[in-house]
Amino acid sequence: MSAVRARSAGRAPSAAVSQAARLELLEYFLVHHDDLARCAQASLEWLARHAGIKKSVCVAVDAELSVLVGVAGHGVPAHDVEVFAWPLEEPGDVLMRALRSTQPTPIRARQSGRTAVPAPATPLGPGAAVAIPLRGASGGDTAVGLLLVRGTVPMTPDVAWVITVLGQKIDQIKGRGSLSEELRRLRRERALFFTIINSVTDPILLTDTEGRLIVANARAEKLFAATEEQSEGRRRAVELNNMLFSAALSRTVVEMPSEARELLLVDPSDGSDLLFEVLSTTVEDPREGTGIVSVLRNITDLRRATEQIEENYQKLRVAEAAARAERDRLNLIIDSVADPILVTDQSGATVLMNAPAEELFTVAADEDLIAQRTVQSNDAHFSSFISGLLLGQTGPGEIRRGEIGLTNPHRGEPIPVEAIAGKVLTDGGELTAVVTILHDRREALERARLYEQLKVASDELQMRVQSATAELATQNELLRRQAIELEQASRLKSQFLANMSHEFRTPLNAILGYTHMLLQGVAGELPPNVKRQLTRIDSNGRHLLTIINEILDITRIEAGRMPMQITEFDLNELVPEVMTELDAVIARSKLAVTPSLSPRAPIVQSDRQKVKQIVVNLLSNALKFTHEGGIDVSVGFDARTRTASISVRDTGIGIAVEHQEKIFEDFRQVDDSPSRPYGGTGLGLAICRRLASALGGRITVHSDLGKGSTFTLTMPAEAPQ
């Protein structure tokens, strides 16, 4: 924040204040009479406060280099102003025209013939702008600089006055030397100053005696400065930091100006607490007056480190107690393991072993010489194995595996063991100990021997299995050939039955036709006894035709020649039609047949004739096997699963559970005896089940002996093609 901005904050643009504001700007020009960049910056900030010009840039003519260079800017990045340089070469260039004009010149894209000429790239960025000429006191055809403004500019007396004063200032400074050299020197000094203070990791601030910020490095700006575009939380954190810093600064100046004080601030990025040590020094400047330089040293990590050291010390004491308890537990665990365990140091000397290891590597002083030599031999084998690990012969990782031949010192029997040794390293990678576990391999060797015997037996069994498999393959081939022969015989049987049924139906239809004609009186009136005999012939002939048709249907289904005619129909219409067709049979049975139709429209796409044939057969069977009670024919439709159903429920003789699958077999009935009371071929339900399967559905039965039966046809609303 500049000094002008700090001193003029909060003033309203009125006529009375305007005169005071002009005097303030002129005073600032007198203080910095040789610093063009500061004077121009103060002028742009004055226009922002009193004329509402939020984005503006001041550029000046460098006569030696014949270019326009950036001097100062407000509301735009400082880097864009510093690097701006526009050559003054073409007389028709919009910036050249603006320098020669006495009125503001608009800067925007224009059309040259069919080609669009873009506007010059200024520090204001893309978009329309206005260039106002800045003329000096000496006059001349060309202005000494331009004021570039975004949008329109209200040319009030205050704006005109600032433009005149700024132009005269640029002309005055240009008369004393090269403008570009002066700007480069000032920018170099300014850049060097901010580079130095921004390289410091601690926040550095320069404030006036009232606590207003004048200069701050990048680290301090993160804590004490926030723009309107940033989040509300960050702005509130910055306001809180400024309040805390101002309070600490006032106490420092009044009470102890040379001593360091602690200051707790808030990190605007994440809201965490930051602890700083504040060192403040008073400075005097002939132009800025008295100021206070404050350096904030972050001691958050130091405080945390101190607390962490104390905490770690407490943890160390707890860890020492835990280590002692852990060592006691380790000794208990080692002693409870059945395998020998040894712990050696860096030189290979044994420092710890459990009881099983002591049996192999220690003997009493009064033991015989053979036992002592055995212990020495065991120790030599073990030391050789450990030395390989210490010399790096571990292979991958820090673990070595190997076999060692040891001997029991007391019994003298050899003990082949598998040794597994691992290094114990510190965090720095230094070796502290080697832990070795010796596993007795006698049981493993015995298992290996048994495994070899089992493998030999397995090979023999595999050979026998292969022989049996070959024989089984031969038998399977014979069975396959027999199956083919049976399939051919079945096909020939079906073909024979189909042919014979066709041959039977032709003369039988003729017999039935002539019989019907005689009964109708075509050849004259017949005597009653003759008419009675012809009626019996017609009835038995039609029964024979039904049997032949069923045989023909079953053979067609088996041969895969049953044609399918898919149409759309309503099951609610099909059931009454079936009842009408069997009206004579229903009348003779004297049973009540009740239809229960579906409230939903059961529209299906299937073979209507096949569905009708199934329902006719199910209803006929119900009429045949029911002597009293009634029959219910119900229609169901499930729109969610797209399935339809027709159920025929009777109160007849019922079917035992063990016979409920038998009735669907070809030529099978519950009672197969010649003296059975109910006739039929036993093909009706077999044909119904196969037709239902062809329609993509199924037939199920639920029956209790002596209580009746329920046969249900369930099929999809759209039959498979």
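The values are calculated or read from the model by the stated rules, or taken from the named source; none is laboratory data. All values reported here derive from a predicted model rather than from experimental measurement. Heads up, the Cβs are rebuilt from the backbone with ideal geometry, glycines too, and the neighbour counts pull from every protein chain shown. Side chains are part of the model used for accessible areas, which takes the heavy atoms of the whole protein and leaves out ligands, DNA and RNA. Shrake-Rupley method; radii C 1.70, N 1.55, O 1.52, S 1.80 Å.
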Legend entry - Residues of segment 557-582 satisfying the condition of being under 55 Å from the mean Cα position of the chain (by Cα), in a helix (DSSP H, G or I), at pLDDT 85 or above and aliphatic (A, V, I, L, M): Leu571, Leu574
Inset, instruction - May I ask you to list the residues in segment 134-172 that are under 15 Å from Ala40 (Cα atoms) and open to solvent by less than 10 Å² (accessible area, probe 1.4 Å)? - result: Leu134, Gly145, Leu146, Leu147, Leu148, Val149, Val159, Val162, Leu166, Gly167, Ile170
Inset, instruction - Within segment 319-335, identify whether any single residue is out of contact with any Lys or Arg (no Cβ under 6 Å at 6 or more places or on another chain), closer than 22 Å to Ala444 by Cβ and surrounded by 10 or more Cβ atoms within 10 Å (Cβ to Cβ), and answer yes or no. - result: no
Legend entry - Residue selected from segment 572-600 under the condition out of contact with any Leu (no Cβ under 9 Å at 6 or more places or on another chain) and closer than 20 Å to Gly652 by Cα, by the criterion most open to solvent (accessible area, probe 1.4 Å): Lys590
Inset, instruction - State whether one or more residues within segment 145-152 are at pLDDT 80 or above, among the basic types (Lys, Arg) and in a strand (DSSP E or B). - result: yes
Legend entry - Subset of segment 677-693 [open to solvent by 50 Å² or more (accessible area, probe 1.4 Å) and at pLDDT 60 or above]: Arg689, Arg690, Ser693
Legend entry - Residues being within 18 Å of Trp86 (Cβ to Cβ), more than 55 Å from the chain's Cα centre (by Cα) and among the hydroxyl-bearing types (Ser, Thr, Tyr) - total across segment 37-72: 1
Inset, instruction - Answer with yes or no whether Thr700 is open to solvent by 10 Å² or more (accessible area, probe 1.4 Å), under 21 Å from Phe569 (Cβ atoms), polar (S, T, N, Q) and under 55 Å from the mean Cα position of the chain (by Cα). - result: no
Legend entry - Among residues of segment 650-665, those that are open to solvent by 50 Å² or more (accessible area, probe 1.4 Å) and among the charged types (D, E, K, R), counted: 3
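Considering segment 601-629 alone, what residues qualify as being of a type in the set (Val, Ile, Thr) and either under 59 Å from the mean Cα position of the chain (by Cα) or open to solvent by 30 Å² or more (accessible area, probe 1.4 Å) (or both)? Can you show your working first?
First, the residues of segment 601-629 that are of a type in the set (Val, Ile, Thr): 603-604, 611, 614-616, 626.
Result: Ile603, Val604, Val611, Ile614, Val615, Val616.
Based on what the data block shows, is His502 at pLDDT below 90, out of contact with any Gly (no Cβ under 7 Å at 6 or more places or on another chain), open to solvent by 60 Å² or more (accessible area, probe 1.4 Å) and under 24 Å from Val337 (Cβ atoms)? Break it down into steps so the answer makes sense when it comes.
Details: at pLDDT below 90: yes; out of contact with any Gly (no Cβ under 7 Å at 6 or more places or on another chain): yes; open to solvent by 60 Å² or more (accessible area, probe 1.4 Å): yes; under 24 Å from Val337 (Cβ atoms): no.
It is false that His502 is at pLDDT below 90, out of contact with any Gly (no Cβ under 7 Å at 6 or more places or on another chain), open to solvent by 60 Å² or more (accessible area, probe 1.4 Å) and under 24 Å from Val337 (Cβ atoms).
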Legend entry - Of all residues making up segment 419-444, the number that are within 14 Å of Leu360 (Cβ to Cβ), open to solvent by less than 60 Å² (accessible area, probe 1.4 Å) and in contact with a Gly (Cβ under 9 Å, 6 or more places away or on another chain): 2
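Scan segment 49-58 residue by residue and report those that are in contact with a Gly (Cβ under 8 Å, 6 or more places away or on another chain) and either farther than 17 Å from Gly151 by Cα or open to solvent by 10 Å² or more (accessible area, probe 1.4 Å) (or both).
Here is the first cut: in segment 49-58, the ones in contact with a Gly (Cβ under 8 Å, 6 or more places away or on another chain) are 54-58.
If the condition is that a residue be in contact with a Gly (Cβ under 8 Å, 6 or more places away or on another chain) and either farther than 17 Å from Gly151 by Cα or open to solvent by 10 Å² or more (accessible area, probe 1.4 Å) (or both), then Lys54, Lys55 are the ones that fit.
Within segment 384-396, can one find any residue that is out of contact with any helix residue (DSSP H, G or I) (no Cβ under 9 Å at 6 or more places or on another chain) and open to solvent by 90 Å² or more (accessible area, probe 1.4 Å)?
Among the residues of segment 384-396, at least one is out of contact with any helix residue (DSSP H, G or I) (no Cβ under 9 Å at 6 or more places or on another chain) and open to solvent by 90 Å² or more (accessible area, probe 1.4 Å), which makes the answer yes.
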Inset, instruction - Of the numbered conditions (1) farther than 30 Å from Asn242 by Cβ; (2) loosely packed, with under 11 Cβ neighbours inside 10 Å, Ser272 fails exactly one; give the number of that condition. - result: (1)
